[in-house]
């Protein structure tokens, strides 16, 4: 900076250049006088915008030159003095700068020493050091610690000042002098307290400890303001007889006025609290929060309950949880009239008209029972029977509450907002860890034991004589075995136990792990008995040469043939069929019930549950894996229904086979007879082998007609007759030991008539002994005819019995021969005259079995 100043001074002190001056003059003249005319003939007249002429320009510069000469003279006179003074000041400044430089170095050394002293550890003798000082700590560190402590002390002081204000305001609220004439008179002081805390909340972070303390002070203050008002209400309730049943009309006017005043005061306090604090609603309905007056009135009920069911009284019995539930139900029932009328009117007048006081009272009674259950159930986890009974009684209580009209939407907890469906007390306790699983295990074990007792009972496969009225929806005339009825009742009993549960998550495990396995086990038991029957019965297994005819067990000879043949064998098969069909019909009835329809629908719509139970072998594939369009008619029982239907069909086919095989065995010898006998004047008696077959046939037919339903009887009858008639046709007619004469054909015709008569008499006699709807008038009831299955064999016997000679009003054998080998029209006329329906080839084959046939 000094070099530039000196250079500038030297430049200014130099004399001006002549050439530069000449150039500047020329430029000025050129700018001032643009042409010769402006120089010689300037514009006359005064004007600020007119340029000077030549004379004026010369005069202007002469004046400036004179002025500059005067200034130069004055400057020349003062310049030496100024230079001298400037040199003196410059010397003083140089001397001062040298001194300051030395001071700077001295100060820098001192600062370095001070920094070193502050940063280095402070060593003090051990006997002089304070007990709490850290040996070797630096001064800077101590200063920082002290500064931090000072800041904390200042914050603590401010904290204490704020807390002091909060406590002072709280004490004002709780001061008895502020409660005159009512605790509501202290509300202005509480508003000040609340305003202070709200200001603190707006300026301080919520995680600060001070905020937690002051909020707790506010909550305790509000509760302390609420408690005396609750006590006033309880005192006012004493003349009413609360908690006993209240007859409000018989209470004096003064006592009623006191009660209503105390009730309204609490409602006013609650409304004021909602304005100050906002509507702080708990997350769950079991928190025990509700209208202040009802919270107070529930206390005496809770104390009585704890005395009787949570103390040492004889009423506190773990095997009688229904007593505790009944106590609360009785309280709700006894007080519903008083609550729905008088208390409801008081709540409505205080602005709570949307609240159902009865539902609110019911809601506030739930925590009493939940406290009992949470205290008792952990001790019952190792006692499945008691646990199952307690949970079941809880489910029954939930159902009773729902039937009593409880509406969660009508309580203060869900005022002006939607609520989820009420899950009940059972939904709360079943969410506890491991409680539901332990209950389910206990129920499954109990059900399995029941099933084993049912199947193992000596009377398990006894056929019942009557059908209960509530079971009339099943197939008409279907008579169950005792085990079939008990298994169906067991499954329905389990349904009754879990049907009221609040969610599919709880219902589905009962269905999949208890009910379906029971049905599968029973099916396996029946199927196993049929397998054993097929293995042991001579009707189903060929005889093995050298095999033993019987069996021994514990040294006692058991004849298997008696167990699997004849009437005993048929009864076993019918019992298997009845047991299977009874349970199958029960499942078909269940699939139409609303409860199981809802389960199927909910399961079809739950993706999580579909994946969770995808490996269950008894669950239909429509309810597994990714969500797809599920047929509404699909049921959770479809797989078992299909299996039971197959089992029933199998048992039915085995019944048919047993009857036909034993009847055909008796017919074997008879079908080897001669059919070409000559005419005889004496009537022929039925052969003994035929009588034996008819007896076996009649016995079996009587058994099934007295045991099985009419529709099943008709189906089995047709199948049996089809088998027997086909057997007679193949073994006796087409492959017989001899051909037929006219009289042999009449013998066959007579035998067919006897088969039909035996069929009719067996069914008719048995139908009259069937309990319930009989089979009288079977042909009209079932729209079938005893004769229909025999029609084909009967037609063949008519052809075989045609006379060989001339006969009036009937077809002869010769005419039959002519018709069989003639055209279709002739055959049609033949069938109409004889009353049969036979094709040409079939008729030819029958006629060839006559000894007279010449073709």
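Quick note: the coordinates plus some simple rules give every number you see, no bench work behind them. No experiment lies behind these values; they were computed from the predicted model shown. Neighbour counts are summed over all protein chains in view; Cβ atoms, including those assigned to glycine, are modelled from backbone coordinates with ideal geometry.
So the values come out like this:
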{"read-out": "Helix axis angle, 516-536 relative to the chain longest principal axis, alpha carbon, degrees", "value": "30"}
{"read-out": "In degrees, nearest ten, helix 435-456 long axis to first principal axis of the chain (Cα)", "value": "0"}
{"read-out": "Residue order, fewest to most beta carbons within 10 Å, for 695, 495, 481, 86", "value": "86, 695, 495, 481"}
{"read-out": "Cα long-axis angle, helix 18-32 against the chain (0 to 90 degrees, to the nearest 10)", "value": "70"}
{"read-out": "Amide N of the range 512-534 lying under 20 Å from the label point, which is placed 7 angstrom from the Cα of residue 645 along Cα→Cβ", "value": "516-517, 519-524, 526-527"}
{"read-out": "Given (1) 2.04; (2) 1.38; (3) 1.09, the label whose value is Cα Rg over 2.2 N^0.38 Å derived from this model", "value": "(1)"}
{"read-out": "Ordering of 94-107, 269-282, 150-163 by packing [mean C-beta count within 10 Å, highest first]", "value": "269-282, 150-163, 94-107"}
{"read-out": "Simple spin-label estimate for residue 202 and residue 23 in nanometres, 7 Å along Cα-Cβ", "value": "7.6"}
{"read-out": "Relative contact order (%) - the chain, alpha-carbon pairs under 8 angstrom, separation at least six", "value": "6"}
{"read-out": "Gyration tensor verdict on the range 350-494 (Cα atoms; rounded if a/c is under 1.5, prolate if a/b is larger than b/c, oblate otherwise)", "value": "oblate"}
{"read-out": "Neighbour-count order for 319, 616, fewest beta carbons within 10 angstrom listed first", "value": "319, 616"}
{"read-out": "Spin-label model distance (nm) - residue 261 vs residue 374, 7 Å beyond Cα toward Cβ", "value": "3.9"}
{"read-out": "Neighbour-count order for 164, 492, fewest beta carbons within 10 angstrom listed first", "value": "164, 492"}
{"read-out": "Cα centroid of the range 299-365 to Cα centroid of the range 156-198, whole Å", "value": "35"}
{"read-out": "The chain: calculated mean residue ellipticity at 222 nm from DSSP helix runs of at least 4, using -39500 (n - 2.57)", "value": "-22000 deg cm²/dmol"}
